[in-house]
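*Asks:* The structure's right below; bear with me while I get my questions together.
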Amino acid sequence: MKKHCCDYMNYHANFTCDIHSDPFDCPDNLILFDKTNKEYGLIIHDGGSSIIGISFCPWCGKKLCFNLSMKGDPLHFWNGGWGLIFRYLAMLSGLGIALLNLFDPIHQGITRWLMVICGLFIFSSHLKFILDKKSKTTDNQKQTY
Ligand SMILES: [Zn+2]
Ligand SMILES: [Zn+2]
């Protein structure tokens with residue numbers, strides 16, 4: 001039995017059901033661990049075999065081992081284009097919150113400034129992530145060519 005980041009992940013990644021042989025059939029099975037690629041996926045119980053790849057543990061927040069060389073795999077869905085679009089949206093909404101409270105305050109006094117700081121914080125943390133990601137992509141390209 002492989003050791004995972006925490007007890008919750010240990011339980012879910014090693015979960016086997018006596019009734020359902022296929023993990024997609026079992027409503028109790030949440031996490032699919034791909035031993036070959038060391039990747040984690042959230043099982044979407046929509047009757048099919050959908051998986052959303054996760055790069056962080058939903059219970060303890062630890063970064064999960066993620067093999068970025070496997071592009072196009074459904075497990076990389078979240079870490080790929082859509083994840084970045086989400087980051088952009090989150091960044092913009094953070095900026096929006098900050099600007100809205102700065103120029104058109106719904107809240108008054110200290111709450112208003114807390115919202116502004118909060119918004120700016122969201123904005124900068126997502127911006128940092130996107131810039132990190134961009135520079136990493138550039139590094140990868142340099143290595144490839
Ligand atoms: Zn964990
Ligand atoms: Zn079951």
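*Asks:* Restricting to segment 1-13, give me the number of residues that are under 22 Å from the mean Cα position of the chain (by Cα) and open to solvent by 30 Å² or more (accessible area, probe 1.4 Å).
*Replies:* So the answer is 5.
*Asks:* Considering only residues that are touching a helix residue (DSSP H, G or I) at 6+ places or on another chain (Cβ under 8 Å) and part of a loop (DSSP other than H, G, I, E, B), look in segment 30-54 and name the one that is farthest from Phe129 (Cα to Cα).
*Replies:* Among residues in segment 30-54 that are touching a helix residue (DSSP H, G or I) at 6+ places or on another chain (Cβ under 8 Å) and part of a loop (DSSP other than H, G, I, E, B), the one farthest from Phe129 (Cα to Cα) is Leu30.
*Asks:* State all residues of segment 14-43 that are within 17 Å of the chain's Cα centre (by Cα) and within 16 Å of ligand 2 (Cβ to nearest atom); if no residue qualifies, say none.
*Replies:* Leu30, Ile31, Leu32, Ile43
*Asks:* Of all residues in segment 7-22 being of a type in the set (Phe, Trp, Tyr) and in a helix (DSSP H, G or I), which is nearest to ligand 1 (Cβ to nearest atom)?
*Replies:* The residue in question is Tyr8.
The values are calculated or read from the model by the stated rules, or taken from the named source; none is laboratory data. This one's a predicted model, so the numbers in the text were calculated from it and none came from an experiment. Neighbour counts are summed over all protein chains in view; Cβ atoms, including those assigned to glycine, are modelled from backbone coordinates with ideal geometry. Ligands, DNA and RNA are stripped out before the accessible areas are found, and what is left, the full protein with its side chains, is counted by its heavy atoms. Shrake-Rupley method; radii C 1.70, N 1.55, O 1.52, S 1.80 Å.
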